[in-house]
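Worksheet for the structure shown next.
The values are calculated or read from the model by the stated rules, or taken from the named source; none is laboratory data. Keep in mind that what you see is a predicted model, and the values were worked out from it rather than measured. Here Cβ is always computed from backbone atoms with ideal geometry, including for glycine, and neighbour counts include all displayed protein chains. Note: accessible area is taken over every heavy atom of the protein model, side chains too, but ligands, DNA and RNA are not part of it. Shrake-Rupley method; radii C 1.70, N 1.55, O 1.52, S 1.80 Å.
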Amino acid sequence: MKDSTDRIADPWGGRTPYPPGAAWPARTDTHLAAGVTPAAVDRWVQSASLLHSNGDAMDIAVKDGRIVGVRGRADDRVNRGRLGPKDLFGWQANASPDRLTRPLVREGGRLVESGWDTAMGRIVARSKELLRERGPGSIGFYTTGQLFLEEYYTLAVIARAGIGTNHLDGNTRLCTATAGEALKETFGCDGQPGSYADIDHADTIALFGHNMAETQPVLWMRVLDRLAGPDAPRLLCVDPRPTRVARHAAVHLAPRAGTNVALLNALLHELIRTDRVDHAYVEAHCVGFDELAARVADCTAEWAAAICDVPARTITEAAELLGSAERLLSTVLQGFYQSHQATAAAVQVNNLHLLRGMLGRPGCGLLQMNGQPTAQNTRECGANGDLPGFRNWENEQHVADLARIWNVAPEKIPHYAPPTPAMQMFRFAEQGSIRMLWISGTNPAVSLPELHRIRDILGQDRLFTVVQDLFLTETAQLADVVLPAATWGEKTGTFTNADRTVHLSDKAVEPPGEARPDLDIFLDYARRMDFRDKDDGPLITWHDPQSAFQAWQKCSAGRPCDYTGLSYDGLRGGSGIQWPCTEQAPDGTERLYTDGPAWAHAEACESFGKDLVTGAPVTEVEYRALNPDGKAVIKAAEYLPPHEDTSEEYPLQLNTGRTIYHFHTRTKTGRVPQLDSAAPDVWAEMSAAEAAARDLREGDLVEVSTPRGAVAARLRITAIRDGMVFLPFHYGYWDTAEGHRPAPDTAGRAANETTVTDWDPASKQPLYKTAAARVALLRRTDGTPGPAPTTTASAPLDPGSAPATTGGPAAHATQHTDDEEGTRP
Amino acid sequence: MSGITLVLKALHHGERDLEEELLKAAERHRTDHEIHHVATDIARWSHEHAARLADTGRHYGLDLSGPADDPSPGFLATLREKAAEAVGRRPEPGLLLLHDLRDLHLAATGNSLHWEMLAQAARATTDSRLLDLATACHPQTLRQMRWTNSMIKTLSPQLITSV
Ligand code: SF4
């Protein structure tokens, strides 16, 4: 059956219900440029989504050397042919007329066009000068979660063994650092224990701070299809906003921001009190149970209810749901990761699963999610503040192993201290000890907290900034050298999603002008810097995506993220494959830890763990004493009150988040007509009670301010919890007259004008969801409603108060499903 | 005064002192955000310890609930002056931070040793009240020490070599 729907108005498309344990039926989503028919397409080129972490497999339609659309890959294990709105329409950004096509260098205060030789010459000259005069610690690299594996790995080798700096991180620090840290705390090692296919089997799905409907729309389609089928799973939703997930939930908890640990401790308390504990599993596979039991002994539902401001009864209901589950799947995202006590809270979700023995079997999954499409690759390749291959910087053997692979002396690889996380790199730049910052594929001038501070840091004369991107972003406008990069569809490489599925993305078209693949840029830099190994051979021995992939395979061998059984050929034509993929497991591995944790032994583990309050590393000696047999670690955590709480002056909690139609700072999605018009401008969300208390109405222009700054936004009244104001964080300034900052003496548009500089001490992830704010009327509405979409968590409380979000004919996509017998066309 | 009351008194003083120093360091290093927040969080532990020590002290004829003694001026005063001159953009505050962390570490270590003494004395006298107190509080003191130590380890390479 084939039909066509407006996928802006209906982001999740039609249903294909299915029962537990069955395969998720295929549904092929296609969107082609106006006037192009499938028959007219010259070539279909294999790829996957680069606009969220789901890793939806798709084919890029090419006609006359241009991208003209996309089609989901029905055979793929991740999406079975479905695509989300960003997938369907996002490709148009590639062809934007304002793509960067030539390098730019700063001359007399202005950025002017130059050739590659000039631009790279400046970067190399400054690098060498700094290395000579100030040492490797004066150079830092800040990358993204959107490059390809081959590019991260190359960058990691350049930074660690070429420059020899500790300062390399990705913006995955803002997004997925806590996921990685939580896994390391519990299992000794990164690597997702669950699989997306667990949705097919689960009888209970718990979403902790995870608005899956908007962050992973295709995964949500899978949940919706289960909900529409027989024996539907029951959902638990923890979220302060009335998300689509909340609407479908059997139990919805909307706690005060910053109280997740209190809530989770109460849930654990209830499970232990009612003895919903799989003692045999705990005995066989875990250490630390007694400590947890003692820690949560007093954390009753009533105790947590007072802290979280949710009914105690709802907490017991939630515990009942979790306690009676037979196949429990939990997912965690930014509502936990970007909030107070991020790692401590995420780890308690791991504890839930350990207590209930819900791991390693179909439907018993744990997904510490990523928001970014290739975030997993920064983690594997060590472009994120870890060593490549999940190696432990505190384990001399691991460092020696890496040194052997790179043929350098172990001392060349800095491991006297942990790799520097992004927020600390910016602090070092502020203080002047980092003098060169190379930023690839990310936009800190919009995405980091407390933007005026970030603009000041980037604007310093003594800091030499290189920005490598597709457009003249807010950050690029502050750079000394801007390098035009090629992107998805214009280069070849692989990337890995949150459930360890590796996809190949092939080059479909030529990049515009002189833009180059990020890999070529890094390789060019390495060549010009003439990095050498210890035998005076070139440090980087590869020259294209495939040879970079092979180099990475060697580095991954024997580690959990073993890629040795994968190849470009194996990935081409078929479906994505989950690592570890080896000779013994040539088809990949669907679930880790089917026989309990496998990488927690002191010799093997990636980390000995950290103190969840102070972030201080646990020593090897302590770890060995605590966990001599390499079991999973049940790690208890005490609840601490948030660092910035509400006051008379700032009575509301500020929450930030995203909408389904945009990605990051809108660098791409803001340039896509369907996505842009679905959510064209920043808005502020409040409950009806809070609006009434301030005499505010839908569409009023309000100022949301904190001690750090202010945002002007139109108001949307929703069913969000009382005591809170919400701002989407996507909006910056590139499409305003000012270009990279608010107009002088006016409130800004970027939510991060207001957010606090504070991060989780264990994962170092910034806390975008913990700040106190006030809201005041700037201008009464002229009748225009808030620009927020009506299809999502920002739906108005009174449906009549805003026109429905639709996309019109340009937003139509076809969806092609199997016939009723389930045979494929 | 018995040996036990001496240790209780010294420990009470030490915990109060550490709380105050942690809070001052948090204030001085506002622009080093992790230091600021973690120091504030773990000052709470010392606060609790001091309160519990005062509570326990009563059973040993001690009144520890009065105002805190003045911490010795000299070094802290100098630091405060320096901090006043220091602006967020100069490298010197980095060295000042290392110095503060070192002092905090030594203060926490002092407390840790006192907790050890108290626990040993409690064992010798089979005083379960004291042993429970030490067992409950000492681990947090160790966490304070580990934090200062690990911050020094992490920050020294950058802060010392860049001046
Ligand atoms: S939008 Fe949020 S979830 Fe997505 S990549 Fe950015 S920080 Fe991560």
### Message
Tell me the relative contact order for the range A:2-99 as a rounded percent, counting alpha carbon contacts under 8 Å between residues six or more apart.
### Response
26
### Message
Just want the answer: with Cβ charges of +1 for Lys and Arg and -1 for Asp and Glu, which residue in A:HIS740, A:LEU539, A:HIS31 is farthest toward the dipole's positive end in chain A?
### Response
A:HIS740
## Note on the structure
Simple SL model, points at 7 angstrom along Cα→Cβ for A:ALA40 and A:GLU638; separation in nm is 6.8
### Query
Given the pairs A:LYS184/A:LYS635; A:LYS769/B:LYS24; A:LYS184/A:LYS412; A:LYS769/B:LYS153; A:LYS610/B:LYS153; A:LYS2/A:LYS507, which are separated by over 18 angstrom at their Cα positions?
A:LYS769/B:LYS24; A:LYS184/A:LYS412; A:LYS769/B:LYS153; A:LYS2/A:LYS507
### Message
Can you sort A:THR667, A:THR614, A:THR646, B:THR135 by solvent-accessible area, 1.4 Å probe, largest first?
### Response
B:THR135, A:THR646, A:THR667, A:THR614
### Query
Want the number for A:GLU649 to A:ASP461: 0.36 nm per residue separation, take away the alpha-carbon distance, what's left?
64.0 nm
### Task
Could you sort A:74-86, A:228-240 so that the peptide with the highest average Cβ count within 10 Å comes first and the rest follow in order?
A:74-86, A:228-240
#### Entry: Net charge of Cβ neighbours under 9 Å - reference B:ALA25; Lys, Arg +1; Asp, Glu -1
-2
### Query
Given a cut-off of under 8 Å on Cα pairs at least six residues apart, what relative contact order in percent is computed for the range A:652-794?
36
### Peptides ranked, highest mean first, by Cβ atoms within 10 Å: ranges A:374-381, A:649-656
A:374-381, A:649-656
### Query
Excluding A:THR420 itself, what net charge comes from residues whose Cβ is under 11 Å from its Cβ, given Lys and Arg +1 and Asp and Glu -1?
+2
### Query
In nanometres, what is the gap between the two model label sites at A:ALA294 and A:ASP535, each 7 Å from Cα along Cα-to-Cβ?
5.5
### Task
Any chance you could tell me what percent of the C-alpha pair distances in the range A:652-794 go past 20 Å?
45
### Message
Which aspartates and glutamates, if any, have their Cα less than 15 Å from the Cα of A:LYS764, not counting same-chain residues under 8 positions apart?
### Response
A:ASP169, A:GLU181, A:GLU185, A:ASP386, A:ASP611, B:ASP32, B:GLU34
### Message
Using a 1.4 Å probe and counting only protein heavy atoms, how much accessible surface gets buried when B and A come together, both sides summed, in Å² to the nearest 100?
### Response
2600
### Query
Assuming R0 = 25 Å, what is the FRET efficiency of A:LEU227 and A:ASP681, from their Cβ-Cβ distance, to the nearest 0.05?
0.15
### Query
What share of Cα pairs, in percent, lie more than 24 angstrom apart in the range A:75-193?
53
### Task
With the Cα gyration tensor of the range A:331-379 in hand, give its eigenvalues times 5 under a square root as the equivalent ellipsoid semi-axes, listed largest first in whole angstrom.
20, 16, 8
### Task
Starting from the Kirkwood radius over alpha-carbon pairs of chain A, derive D by Stokes-Einstein at 20 °C in a medium of 1.002 mPa s and give it in µm² s⁻¹.
80
### Query
What ranking, highest mean first, results for peptides A:408-420, A:766-778 when packing means the other Cβ atoms within 10 Å averaged over each residue?
A:766-778, A:408-420
### Query
Relative contact order of chain A: what whole-number percent is it, with Cα pairs under 8 angstrom and at least 6 residues apart?
20
### Query
Between B:ARG30 and A:GLN397, what is the label-to-label distance in nm when each label sits 7 Å out along the Cα-to-Cβ direction?
4.9
### Query
Could you give P(r) for the range A:2-99, binned at 5 Å from zero, as whole percent values over all Cα-Cα pairs?
2, 13, 22, 25, 20, 11, 4, 2, 1, 0
### Message
Around A:HIS662, under 12 Å between beta carbons, what's the net of Lys plus Arg minus Asp minus Glu among the other residues?
### Response
+2
### Message
Let's test the formula: R0 of 22 Å, r as the Cβ-Cβ distance of A:SER547 and A:GLU510. What FRET efficiency results, to the nearest 0.05?
### Response
0.55
